Amino acid sequence: MPADDSPARAEAAFLGLAIGDALGATSEFMTPAEIRSRYGVLRQIRGGGWLGLRPGQVTDDTEMSLVLARAVLACGGWSLPAIADALVAWMRSKPIDIGATVRKGLRSYMLGGGLTVPPNDWDAGNGAVMRMAPVALLTFGDAALLRRCSLEQAHLTHNHPLSDAACVCVGRMLQAALAGADRFCLHALTRELVALHPTFRFDPYSGRASGYVVETLQTVFHFLFTTDNFEDCLVGVVNQGGDADTSGAIAGMLAGAFYGLDAIPRRWQRQLDDRISAQVRQAGRALLALAPAPLLSHDQGP
């Protein structure tokens, strides 16, 4: 896929997020041994899991990303109050799943109006990183805007240095992939993260894939850089179990932007809920169309 085909890469990023979410929801909270015992290798979007999903149904990872995207598109740009209001409305709609930290942060805004939760040692979960696809697409071409919006949306629910660093790193990687960067460029961005926060080191890989943001990204990075295609990357991630819908969603957004639409298996595209598929595809391209200065080469990347 040529480096200037960023709209298709943007569509693939958001589609990849939803596919990774739907695929990983089946193995969420399972151990690798339990997954092997039940499925062998999980390669199909099967539904089920602890949430009892329909095949192709998504969880809060995709839903929150779409809520954020719709709020931005409705405003024609970034509006944190509009995003917060939209997320509260989503929470009130009784979604299929919502994390405890997310619920706490949104309730704090609903009751007090504050757009930033206080710093908290317990906020190092992955719930802010999973919402990074629409942020990265909207701010494509503006590194300062990417950082500001990443931290603003994160601090609605999560205010922790490791969560902050993870959001910015994933956003930078996603934008670099959209601009046609190779895997060496993406790996360099992970090395910058590890230099700042050595706890993110992922080589050697620990094999843990919990909701702790460090272990989530270690899992995503390990399989992103030890595989050479979209399918193997996501299969590796979701078969680690743990918080598999979120690790799958983050891996899907990065691998989608990196490998492009044609690399996403057709069977997975068919298995994804048709309504969700249409929404994420449209949102990916529409968000990029609002970006301040789309980049055409990763040499100009963030």
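The values are calculated or read from the model by the stated rules, or taken from the named source; none is laboratory data. Keep in mind that this is a model prediction, so the values were computed, not measured. Note: ideal-geometry Cβ built from the backbone for every residue, glycine included; neighbour counts use all protein chains shown.
Among the numbered conditions (1) surrounded by fewer than 23 Cβ atoms within 10 Å (Cβ to Cβ); (2) among the charged types (D, E, K, R); (3) part of a helix (DSSP H, G or I), tell me where ASP61 comes up short.
All conditions pass for ASP61, except number (1).
Scan the range 91-103 and give yes if some residue there is of a type in the set (A, V, I, L, M), modelled with pLDDT of 95 or more, out of contact with any strand residue (DSSP E or B) (no Cβ under 7 Å at 6 or more places or on another chain) and within 25 Å of ALA291 (Cβ to Cβ), otherwise no.
There is no residue in the range 91-103 that is of a type in the set (A, V, I, L, M), modelled with pLDDT of 95 or more, out of contact with any strand residue (DSSP E or B) (no Cβ under 7 Å at 6 or more places or on another chain) and within 25 Å of ALA291 (Cβ to Cβ).
For the range 191-302, which fully contained helices (runs of 4 or more DSSP H) count at least 2 residues that are modelled with pLDDT of 95 or more, surrounded by 15 or more Cβ atoms within 10 Å (Cβ to Cβ) and of a type in the set (D, E, K, R)?
Values: elements: 213-226, 230-238, 244-259, 266-271, 274-289.
By residue number, 274-289.
Name the pairs: first residue in the range 195-209 and touching a residue at least 24 places away in the same chain (Cβ under 8 Å) and on the phi < 0 side of the Ramachandran plot, second residue surrounded by 12 or more Cβ atoms within 10 Å (Cβ to Cβ) and of a type in the set (Asp, Glu), Cβ to Cβ under 8 Å, at least 6 apart or on different chains?
What qualifies is ARG208/GLU215; ALA209/GLU215; ALA209/ASP243.
HIS155 is checked against (1) more than 14 Å from the chain's Cα centre (by Cα); (2) buried (at least 21 other Cβ atoms within 10 Å of the Cβ); (3) over 26 Å from GLY113 (Cα atoms) and fails just one. What number does that condition carry?
(3)
Do we have ALA249 as in contact (Cβ under 8 Å) with a residue 40 or more places away in the chain, closer than 24 Å to GLY48 by Cβ and under 16 Å from the mean Cα position of the chain (by Cα) here?
Numbers: in contact (Cβ under 8 Å) with a residue 40 or more places away in the chain: yes; closer than 24 Å to GLY48 by Cβ: yes; under 16 Å from the mean Cα position of the chain (by Cα): yes.
Criteria met by ALA249.
Quick test for you: out of ALA22, ALA12, pick the one residue that is buried (at least 24 other Cβ atoms within 10 Å of the Cβ), over 25 Å from GLY99 (Cβ atoms) and hydrophobic (A, V, I, L, M, F, W, C). Break it down stepwise before answering.
Working: ALA22 fails: over 25 Å from GLY99 (Cβ atoms).
Testing whether each residue is buried (at least 24 other Cβ atoms within 10 Å of the Cβ), over 25 Å from GLY99 (Cβ atoms) and hydrophobic (A, V, I, L, M, F, W, C) leaves just ALA12.
Any idea how many residues of the range 5-58 are part of a helix (DSSP H, G or I) and β-branched (Val, Ile, Thr)? First the steps, then the outcome.
If we filter the range 5-58 for residues that are part of a helix (DSSP H, G or I), which is where we start, we get 6-27, 32-39.
Next cut, β-branched (Val, Ile, Thr) only: 19, 26, 35.
Adding up the residues that qualify gives 3.
Against the definition (in contact with a Phe, Trp or Tyr (Cβ under 9 Å, 6 or more places away or on another chain), over 28 Å from LEU224 (Cα atoms) and among the β-branched types (Val, Ile, Thr)), how does VAL72 come out, yes or no?
Numbers: in contact with a Phe, Trp or Tyr (Cβ under 9 Å, 6 or more places away or on another chain): yes; over 28 Å from LEU224 (Cα atoms): yes; among the β-branched types (Val, Ile, Thr): yes.
When the stated conditions are applied, VAL72 passes them.
How many residues does the range 64-85 contain that are within 20 Å of the chain's Cα centre (by Cα) and part of a helix (DSSP H, G or I)?
13
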